[in-house]
Amino acid sequence: MAKIQKIKGVADLFPEESAKYAFMEKTARDVFSSYGFGELRTPILEKTELFCRSIGEETDVVQKEMYTFPDRKGRSLTMRPEATAGVVRAYVENKIYQPGKVSKLFTVGPMFRYERPQAGRMRQFHQINAEVFGASQPQADAEVLLMLSTFLNKIGLSKLSFELNSLGCPECRPVFRKALDDYFSGVDQDKLCEDCTRRVKTNPLRVLDCKSKGCKELTKDAPSIPDHLCGDCRDHFDAVIALINEAGLDYTLNPRLVRGLDYYQRTTFEVTSGDIGAQTAVAGGGRYDGLVHSLGGAQVPGIGFACGMERLAMLLDGEFQEKLDFYIALVDQRAAGDALIFAEKLRKSGLKGEAAFVATSMKSQLRQANKLAVKKCFIFGTDEVENGTVTVKDMIEGGQESLPRDEYFK
């Protein structure tokens, strides 16, 4: 019978690798809670309209990457390609917004996009997201950036680059869009890549962020977003910069930085690493003040970020799987039941460990204990069966002693 294999672009995460993800999730929960964030869990499946309205009909995500299908009643459903839209939908649907109220939420979980699988980019991938609703002040932008930096440092990543830009607002963005359209009308658009040939008509800001050599060359003299900011956007961004300067966050200003989703405005940012090849972004986000209103809610400002866990995992070094405290060697099968009960008592006392189910040679059992790097090895052999004892071997110091089983817990 033919073997069934996993779908292309997804991964099986065995304990050694999944321990990295558990470590990142635990660290995120610890760091984010210290900033007053609470966890929200949203569905993997949402109505397709949610992403079309929030992300944008002309984005690559909606045009080419979403897993969309009709259910049995003919309703169009989509497996979430990103988290923010679902968080905003839950925020609006449950009427969490109130005048003057600030809500801080984070999410952890899988996302889905049909892309070409490569290092750090999968069709089922995992993200850690954080969102702040109800705060338009630059202090919120700065706090989000500093929290992201704190999280990345806590998981052991310091050789990262923060890039910042401002995308303007509905007041000044049209002015820049006009300048950009005028610029592209005067250059040879045949030199654009296939994607940017479409983007230049539907979403020209995305052309500025294209990694294609031809597009980068063609846009090197394009208008700069910061040069077209209105007074309010300029003041807001200057205040954000002043705050993170005072907090000591290292960053660079990148006037070509844009985000691939339509809902971003004003402050936008990306965190990159030079250690994972061409796919350098490990986190990114920005402000999305109009998104809540566009999905049926009030005029509530928002800002957030997402971390790609696959890419972060590629940068993590060290052992993340929890070490065991003990191993129980079984060298007389008659003691199998006693060994199991003894192991359970050890676990209830707060220790972690495992017990052999099948009696084998003492040599092989000690080899297994060494492989697990446990502190203690408890031996159940013939003498232990006959005398009701347990032999305790110190795997660090090397000594051992025989004790009545109950005495070990005194």
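The values are calculated or read from the model by the stated rules, or taken from the named source; none is laboratory data. Everything quoted here is computed from the prediction, not taken from an experiment. As a convention, Cβ positions derive from the backbone with ideal geometry for all residues, glycine included, and neighbour counts pool all protein chains shown. Note: accessible area is taken over every heavy atom of the protein model, side chains too, but ligands, DNA and RNA are not part of it. Shrake-Rupley method; radii C 1.70, N 1.55, O 1.52, S 1.80 Å.
Against the conditions (1) open to solvent by less than 10 Å² (accessible area, probe 1.4 Å); (2) in contact with an Asp or Glu (Cβ under 7 Å, 6 or more places away or on another chain); (3) modelled with pLDDT of 85 or more, where does residue 122 fall short? Just the number, please. Failed condition: (1).
The set of residues in the range 183-239 that are farther than 14 Å from residue 173 by Cβ, assigned to a helix (DSSP H, G or I), of a type outside the set (Gly, Ala, Ser) and open to solvent by 70 Å² or more (accessible area, probe 1.4 Å) comprises 190, 191, 194, 201, 213, 216, 217, 235, 238.
Of all residues in the range 1-54, those being among the polar types (S, T, N, Q) and touching a residue at least 12 places away in the same chain (Cβ under 8 Å) number 4. Scanning the range 19-30 for residues that are closer than 29 Å to residue 78 by Cα and open to solvent by 70 Å² or more (accessible area, probe 1.4 Å) turns up 26, 29.
What residue, among those in the range 242-278 that are over 25 Å from the mean Cα position of the chain (by Cα) and modelled with pLDDT of 90 or more, is surrounded by the fewest Cβ atoms within 10 Å (Cβ to Cβ)? Give the steps one after another, and end with the answer.
Taking the range 242-278 as the starting set, the residues that turn out to be over 25 Å from the mean Cα position of the chain (by Cα) are 242-243, 245-246, 255.
Keeping just the survivors that are modelled with pLDDT of 90 or more gives 242-243, 245-246.
Numbers: 242: 12, 243: 17, 245: 12, 246: 9.
Per the stated criteria, the residue is 246.
Sort through 149, 161 and tell me the only one that's under 27 Å from residue 311 (Cβ atoms), surrounded by 19 or more Cβ atoms within 10 Å (Cβ to Cβ), touching a residue at least 40 places away in the same chain (Cβ under 8 Å) and among the polar types (S, T, N, Q). Result of the check over 149, 161: 149.
All conditions but one from (1) more than 19 Å from residue 123 (Cα to Cα); (2) among the hydroxyl-bearing types (Ser, Thr, Tyr); (3) open to solvent by less than 50 Å² (accessible area, probe 1.4 Å) apply to residue 33; the one that does not is (3).
Please note which strands (runs of 3 or more DSSP E) are completely contained in the range 293-410 and include at least 2 residues that are open to solvent by 90 Å² or more (accessible area, probe 1.4 Å).
Details: elements: 302-308, 326-330, 353-355, 376-380, 389-394, 400-404.
Those strands (runs of 3 or more DSSP E) span 400-404.
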